[in-house]
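What follows is a single structure, written as structure tokens, with notes after it.
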Amino acid sequence: MLSSERFTVAPPGTIEFGEGALQTLGAAVTSLGRTRAFVVTDAGIVRAGIVASVEQVLTDSRVDFEVFSEVEPNPSMSTVDRAGELARRFGDAVVVAVGGGSSLDAAKAVALAAVNSGSAADLDVAAGTAVAGLPVVAVPTTAGTGAETNGFGVIQDTAAHCKVYVGDASVAPRVSILDPALTIGLPPAATAATGVDALVHAVESLTSRGRNPLSEAYARHAVRLVGRWLPVAVADGSNREARAQMLLGSHLAGLALSRSGLGLVHGIAHAVTAYTGAVHGVALAAVLEGVLEHNLPTSTPQYAAIAGDLGVDRTDAGEETNARAAIAACRDLTEQTSVRTTLTALGCAPDLVPELARTALADPVTRNTPRMPTDEALRELLTAAL
Ligand SMILES: NC(=O)c1ccc[n+]([C@@H]2O[C@H](COP(=O)([O-])OP(=O)(O)OC[C@H]3O[C@@H](n4cnc5c(N)ncnc54)[C@H](O)[C@@H]3O)[C@@H](O)[C@H]2O)c1
């Protein structure tokens, strides 16, 4: 009942959406009172020619810049610290994040590290161990993470085999440039894996303990867009309508998750990636069906709504039948886009199961899952996904 709800919504940053929006990058930097930009990106974005376009726009706008292009997929703390040191030496600037979630997340941590000393791992503005970071402008080149919608970077602690969260509201992107043309060159496998991430964001947000009416509105529309357009974008990457719809869907799913939190699918996937290096979206797909089945008793109405959004509901069927149809449709989407796999194929041996369960349950992202499993139940779920 809305009359018993109480929620707070922080103001979102400016969005520049549409083909050619990259041309507004120079103006975005100067609107933040700076004429210098520290660009954080990765080698794949350089190879795709996107960094050259970014450099051209900045040059045309008389913005002085330096580029750090060594972010790896699932960025590590040591990479963030190396980039942070370079940004500190570069001085007062806007941090421009160009790439997928890895570059965007690394850039947020770099923006904090640039004005603080020590490792990014120890920077916590809320706890008083750090001051607010440099302003960030985000230019996503994948349609999946929605990382442009929030101030936390998901960074890998390679020694402890887990993902940790580095960030602050001060490094939530002040401007996000959503230019679908930048996603046209993303290969089919990466399009599929990142798109599944957006789907899971929306689905987990809808059932999260932290959901509210606003996050639900974002998530429901994201489910519709991703369900309709992900298979099209994977089958034909040059389909401009599919690319635009997916970039919007990913952004809406990001707005949803940033307001609600996520759940166990993400908690397990973070653990799997930390131990095996698996691609984030592929790790999600390996356990998606099992977690949705586990959550069914607490999340039947939400899953039934998802069935409607994916167009697989039947008006003559009961809520539980429609909820099961939603679970099957989510699984089918991961199959149709060739992302579905097993934990074994990702390199998880049976003796890793206890460690995966322990790490997933300790991940803060799992806190909002609607039906917390016991350690034993989670081991069973993981074993079934091997
Ligand atoms: N902060 C958040 O809200 C949030 C949410 C979900 C996931 N994440 C994190 O995001 C990361 C995953 O990000 P991702 O799935 O976007 O992948 P990614 O950033 O790791 O990129 C994957 C690969 O795709 C390449 N690539 C990206 N865009 C391209 C393009 N347009 N053309 C050609 N190649 C391109 C990159 O070079 C890279 O090699 C994980 O670390 C995950 O934990 C963060």
Within the range 170-196, which residues are touching a strand residue (DSSP E or B) at 6+ places or on another chain (Cβ under 6 Å) and of a type in the set (Ser, Thr, Tyr)?
Ser176
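Of everything in the range 169-201 that's closer than 30 Å to Gly133 by Cα and without any contact (Cβ under 8 Å) to a residue 60 or more places away in the chain, which residue is farthest from the ligand (Cβ to nearest atom)?
Step one: list which residues in the range 169-201 are closer than 30 Å to Gly133 by Cα, which gives 169-183, 194-195, 197-198, 200-201.
Still in the running and without any contact (Cβ under 8 Å) to a residue 60 or more places away in the chain: 170, 198.
Details: Ser170: 15, Ala198: 9 Å.
Filtering first and then ranking leaves Ser170.
For the range 23-43, give me each residue that is within 10 Å of the ligand (Cβ to nearest atom), surrounded by 22 or more Cβ atoms within 10 Å (Cβ to Cβ) and not charged (D, E, K, R).
The initial filter retains those residues of the range 23-43 that are within 10 Å of the ligand (Cβ to nearest atom), namely 41-43.
Pick out the ones that are also surrounded by 22 or more Cβ atoms within 10 Å (Cβ to Cβ) and you get 41-42.
The answer is Thr41, and nothing else.
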What are the residue pairs meeting all of these: first residue in the range 42-59, first residue under 14 Å from Glu72 (Cβ atoms) and assigned by TED's automatic domain parsing to the domain that holds Pro75, second residue in a helix (DSSP H, G or I) and within 10 Å of the ligand (Cβ to nearest atom), Cβ atoms under 6 Å, and 6 or more apart or on different chains?
Asp42/Ser103
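Listed here are the residues, each with its yes/no results for (1) open to solvent by 10 Å² or more (accessible area, probe 1.4 Å); (2) of a type in the set (A, V, I, L, M, F, W, C).
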residue	(1), (2)
Ser170	yes, no
Leu178	no, yes
Ile184	yes, yes
Ala189	yes, yes
Ala192	no, yes
Gly195	no, no
Ala198	no, yes
Ala202	no, yes
Within the range 247-267, can one find any residue that is in contact with a strand residue (DSSP E or B) (Cβ under 8 Å, 6 or more places away or on another chain) and open to solvent by 10 Å² or more (accessible area, probe 1.4 Å)?
yes
Considering residues of the range 102-119 that are open to solvent by 10 Å² or more (accessible area, probe 1.4 Å) and within 24 Å of Leu182 (Cβ to Cβ) only, the residue nearest to the ligand (Cβ to nearest atom)
Ser102
Among the residues listed as Ser238, Ser205, Ser215, the single one being away from the ligand (no atom under 13 Å from the Cβ) and either within 22 Å of Val265 (Cα to Cα) or not hydrophobic (A, V, I, L, M, F, W, C) (or both):
Ser215
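Residues checked against (1) touching a residue at least 24 places away in the same chain (Cβ under 8 Å); (2) within 15 Å of the chain's Cα centre (by Cα):
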| site | (1), (2) |
| --- | --- |
| Gly210 | yes, no |
| Leu214 | yes, no |
| Ala222 | yes, yes |
| Val232 | no, no |
| Ala242 | no, no |
| Met246 | yes, yes |
| Gly249 | yes, yes |
| Leu262 | yes, yes |
| Ala274 | yes, no |
Arg47: among the charged types (D, E, K, R) and either touching a Gly at 6+ places or on another chain (Cβ under 9 Å) or more than 16 Å from the ligand (Cβ to nearest atom) (or both), yes or no?
no
Selection from the range 275-295 of residues under 12 Å from Ile327 (Cα atoms) and open to solvent by 10 Å² or more (accessible area, probe 1.4 Å) yields Glu289, Gly290, Glu293, His294
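Within the range 70-98, track down each residue that is within 16 Å of the ligand (Cβ to nearest atom) and closer than 20 Å to Leu32 by Cβ. Before you say what the answer is, go through the steps one by one.
Going through the range 70-98, the residues within 16 Å of the ligand (Cβ to nearest atom) turn out to be 70-80, 83, 95-98.
Result: Ala83, Val95, Val96, Ala97, Val98.
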How do the strands (runs of 3 or more DSSP E) wholly within the range 1-79 filter down when requiring 1 or more residues that are hydroxyl-bearing (Ser, Thr, Tyr): which remain?
14-17
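Has the range 304-323 got at least one residue that is among the hydroxyl-bearing types (Ser, Thr, Tyr) and in contact (Cβ under 8 Å) with a residue 12 or more places away in the chain? Walk me through it before giving the result.
Within the range 304-323, the subset among the hydroxyl-bearing types (Ser, Thr, Tyr) is 315, 321.
Filter once more, keeping what is in contact (Cβ under 8 Å) with a residue 12 or more places away in the chain: none.
Looking for residues that are among the hydroxyl-bearing types (Ser, Thr, Tyr) and in contact (Cβ under 8 Å) with a residue 12 or more places away in the chain, one finds none in the range 304-323, hence no.
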Any idea which of (1) open to solvent by 50 Å² or more (accessible area, probe 1.4 Å); (2) within 16 Å of the ligand (Cβ to nearest atom) is the one Thr59 doesn't satisfy?
(2)
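In the range 341-360, is there at least one residue being of a type in the set (A, V, I, L, M, F, W, C), over 21 Å from Leu257 (Cβ atoms), open to solvent by 50 Å² or more (accessible area, probe 1.4 Å) and not assigned by TED's automatic domain parsing to the domain that holds Phe152? Walk me through it before giving the result.
Keep residues of the range 341-360 that are of a type in the set (A, V, I, L, M, F, W, C), which gives 343, 345-346, 348-349, 352-353, 356-357, 360.
Then keep just the ones that are over 21 Å from Leu257 (Cβ atoms); that gives 343, 345-346, 348-349, 352-353, 356-357.
If we keep only those that are open to solvent by 50 Å² or more (accessible area, probe 1.4 Å) too, we end up with 345.
Those left that are additionally not assigned by TED's automatic domain parsing to the domain that holds Phe152: 345.
Yes, the range 341-360 has at least one match.
The values are calculated or read from the model by the stated rules, or taken from the named source; none is laboratory data. Note that the structure is predicted; figures quoted are calculated from it, not measured. Methodologically, a virtual Cβ is constructed for each residue, glycine included, from the backbone with ideal geometry; neighbour enumeration extends over all protein chains shown. Accessible surface is based on the protein model in full, side chains and every heavy atom, while ligands, DNA and RNA are left aside. Shrake-Rupley method; radii C 1.70, N 1.55, O 1.52, S 1.80 Å.
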